[in-house]
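Structure first, commentary second.
The values are calculated or read from the model by the stated rules, or taken from the named source; none is laboratory data. Treat the numbers as computed from the prediction; the structure is a model and nothing was measured. When we count neighbours, we look across all protein chains shown, and the Cβ atoms used for this are built from the backbone with ideal geometry, even at glycine.
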Amino acid sequence: MAHFYISAAHKSSGKTSLSLALCAAFRQRGLVVQPFKKGPDYIDPLWLSQASGRACYNLDFYTMQRDEIGQLFGGAMQGADLGIIEGNKGLYDGLDLEGSNSNAALAAQLDSPVVLVLDTQGMTRGVAPLILGYQAFDTKIRIEGIILNKVGGARHESKLRQVIEHYTDVPVLGAVQRHPDMHIAERHLGLVPSNELAQSQSRIERMGRIVADEVDLDALLAVAASGAAPPAPLTEPVSSPDGPPVRIAYARDAAFGFYYASDLEALTRAGAELLPFSPLHDAALPEADGLFIGGGFPETHVEALARNTAMAAAIRAFVERGGPVYAECGGLMYLCRQLTWKGKQGKMLGIVPADVVMHERPQGRGYVRLAETDSHPWPGGSEIAAHEFHYSALENLGQGVDFAYRVLRGQGIDGRHDGIRYRNLLASYAHLRDTRGNHWASRFVAFVRRVTGAGE
């Protein structure tokens with residue numbers, strides 16, 4: 001179970017760029033690399049999956065139980081030579097005073113050696129008390145190495161190494177200079193997703209070569225060898241689906257790409273045959289029993305989506321004849337009347353009676369907790385732990401809307417409700433995760449089967 005945990009003193013230290021570059025570098029060496037991401041995130045896992053060639057899995061205390069995290073980690077590591085866990089924010093940052101859901105807590109649970117990425121811009125001697133403080137704050141956390149990032153040249157690197165070697169006992173595993181190729185463009189939700197960039201693979205390969213030259217990969221493998229968390233046995237019975245598969249078409253292109261790998265796998269285990277389609281480019285839907293329109297960036301593709309009137313008509317017809325549909329965030333936005341962003345406006349599907357307006361600041365961000373109402377089309381959860389992150393808001397919402405959720409924590413659509421129900425459509429800002437506390441995938445597949453009679 002060789003693995004290590006990439007963390008930092010604070011966010012925007014370059015963890016993602018380094019993590020995916022390390023995935024690429026070790027893959028170029030012929031190793032099978034399994035990536036993980038701490039917390040709720042879609043964009044970083046897209047990059048990590050592409051860099052490693054394996055699905056990236058999210059490990060999240062809020063939506064998962066602690067032993068469930070161990071089970072997912074142990075299961076995903078089967079067949080891998082090396083695991084790389086990318087943290088979120090800083091090593092000790094978390095929701096509560098005790099840090100119970102911090103990166104440090106996850107590293108402790110998985111017995112992970114921590115490699116601390118330090119943004120060294122403007123730093124020399126001050127790097128030493130920072131490292132010493134992070135070591136002393138929680139002595140159970142094994143900080144086994146430092147990677148210096150955004151180093152300003154050979155002289156800067158030499159000074160940093162001398163300070164760290166003189167004042168601390170933590171080895172410097174590498175020093176990554178300020179390379180343009182190590183920078184990935186960002187926008188309002190974070191990095192630009194890899195599925196939107198035509199040259200993402202060549203960029204990843206260049207990043208891998210840079211890191212292979214500037215990080216001691218052999219020393220990093222030695223650190224990883226001390227990560228000895230055993231795979232937790234799977235204790236939950238896996239039930240076989242009832243009947244033949246149901247066909248679920250899911251939107252996947254540059255505008256829609258926010259799907260958890262474990263959720264797609266859960267849909268398949270529940271009896272779904274997944275059929276990708278593109279709202280940007282396809283003129284018709286695949287022959288399907290149900291639709292899943294996940295999150296993404298419809299706002300950056302608003303004009304192209306508006307031009308594809310054939311796809312809009314196909315989805316409207318599917319919804320109006322009672323086809324089962326589930327949509328999250330970007331999918332909800334696509335279903336509304338129109339979308340406005342940075343002076344651009346486009347007509348969307350017009351199924352949800354609302355207009356979407358993008359704002360400069362987040363309108364909903366972070367973890368949410370939802371309670372199902374009687375309007376939920378495929379109920380089965382009690383209080384649901386989920387997350388949201390949207391700069392958009394719905395305006396001019398029509399009267400008499402049926403809401404599937406009461407918002408107990410978070411923003412949702414209006415601060416009190418989320419989950420618009422229309423016929424057999426459910427569309428919400430909340431992003432669900434299929435976990436032990438919320439097996440939404442099997443409920444949705446059963447709903448599709450019940451509504452359509454598929455596989456009977």
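Those residues that are part of a helix (DSSP H, G or I) and either over 17 Å from residue 45 (Cα atoms) or under 18 Å from the mean Cα position of the chain (by Cα) (or both), I need them from region 1-22; list them, please. Spell out the reasoning first.
Taking region 1-22 first, the residues part of a helix (DSSP H, G or I) are 15-22.
15, 16, 17, 18, 19, 20, 21, listed by residue number.
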Original post:
Within the bounds of region 289-306, is there any residue that is out of contact with any strand residue (DSSP E or B) (no Cβ under 6 Å at 6 or more places or on another chain) and part of a strand (DSSP E or B)?
Top reply: no
Original post:
Is there any pair linking a residue in region 392-407 that is in the same structural domain as residue 419 (by TED's automatic domain parsing) and in contact (Cβ under 8 Å) with a residue 12 or more places away in the chain to one that is part of a strand (DSSP E or B) and of a type in the set (Lys, Arg), with Cβ under 6 Å and at least six apart or on different chains, and which?
Top reply: 402/421; 404/421
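Restricting the search to region 370-383, which residues are surrounded by fewer than 22 Cβ atoms within 10 Å (Cβ to Cβ) and not in a loop (DSSP other than H, G, I, E, B)?
From region 370-383, those surrounded by fewer than 22 Cβ atoms within 10 Å (Cβ to Cβ) are 371-383; that's our starting set.
Result: 371, 372, 383.
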**OP:** May I ask you to verify whether residue 184 is within 18 Å of residue 91 (Cα to Cα), buried (at least 20 other Cβ atoms within 10 Å of the Cβ) and either in contact with a strand residue (DSSP E or B) (Cβ under 6 Å, 6 or more places away or on another chain) or at pLDDT below 95 (or both)?
**Re:** no
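Condition check ((1) under 16 Å from the mean Cα position of the chain (by Cα); (2) surrounded by fewer than 23 Cβ atoms within 10 Å (Cβ to Cβ); (3) of a type in the set (Val, Ile, Thr); (4) in the same structural domain as residue 385 (by TED's automatic domain parsing)) across all residues:
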| position | (1), (2), (3), (4) |
| --- | --- |
| 34 | yes, no, no, no |
| 62 | yes, yes, no, no |
| 67 | no, yes, no, no |
| 82 | no, no, no, no |
| 91 | no, no, no, no |
Original post:
Among 327, 371, 270, 310, which is the only one that is at pLDDT 95 or above and more than 21 Å from residue 63 (Cα to Cα)?
Top reply: 310
Original post:
Among the listed residues 367, 405, which satisfies the condition of being hydroxyl-bearing (Ser, Thr, Tyr), crowded, with 22+ Cβ neighbours inside 10 Å and not in a loop (DSSP other than H, G, I, E, B)?
Top reply: 405
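This table checks each residue for (1) closer than 20 Å to residue 4 by Cβ; (2) in contact with a Leu (Cβ under 8 Å, 6 or more places away or on another chain); (3) assigned by TED's automatic domain parsing to the domain that holds residue 184.
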{"residue": "102", "(1), (2), (3)": "yes, yes, yes"}
{"residue": "113", "(1), (2), (3)": "yes, no, yes"}
{"residue": "117", "(1), (2), (3)": "yes, yes, yes"}
{"residue": "121", "(1), (2), (3)": "no, no, yes"}
{"residue": "132", "(1), (2), (3)": "no, no, yes"}
{"residue": "138", "(1), (2), (3)": "yes, no, yes"}
{"residue": "149", "(1), (2), (3)": "yes, yes, yes"}
{"residue": "156", "(1), (2), (3)": "no, no, yes"}
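Could you pull out the residue among 373, 452 that is among the hydroxyl-bearing types (Ser, Thr, Tyr) and within 30 Å of residue 69 (Cα to Cα)? Spell out how you get there, then give the answer.
Details: 452 fails: within 30 Å of residue 69 (Cα to Cα).
None of the other options fit; the residue is 373.
What residue, of 62, 5, is within 21 Å of residue 220 (Cβ to Cβ) and in contact with a strand residue (DSSP E or B) (Cβ under 7 Å, 6 or more places away or on another chain)? Talk me through it step by step, then tell me what you get.
On the way: 62 fails: within 21 Å of residue 220 (Cβ to Cβ).
After applying the criteria, what remains is 5.
Name every residue in region 309-348 that is in a loop (DSSP other than H, G, I, E, B) and buried (at least 20 other Cβ atoms within 10 Å of the Cβ), in order of residue number. Talk me through it step by step, then tell me what you get.
First, pick out the residues of region 309-348 that are in a loop (DSSP other than H, G, I, E, B): 321-324, 329, 336-337, 342-343, 348.
Hits for region 309-348 are 323, 324, 329, 336, 348.
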Original post:
Yes or no: residue 15 surrounded by 24 or more Cβ atoms within 10 Å (Cβ to Cβ), modelled with pLDDT of 95 or more and more than 16 Å from residue 434 (Cβ to Cβ)?
Top reply: no
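Per-residue answers, yes or no, for (1) small (Gly, Ala, Ser); (2) closer than 21 Å to residue 386 by Cβ:
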| site | (1), (2) |
| --- | --- |
| 288 | yes, no |
| 311 | no, no |
| 321 | no, no |
| 331 | yes, yes |
| 336 | no, yes |
| 358 | no, no |
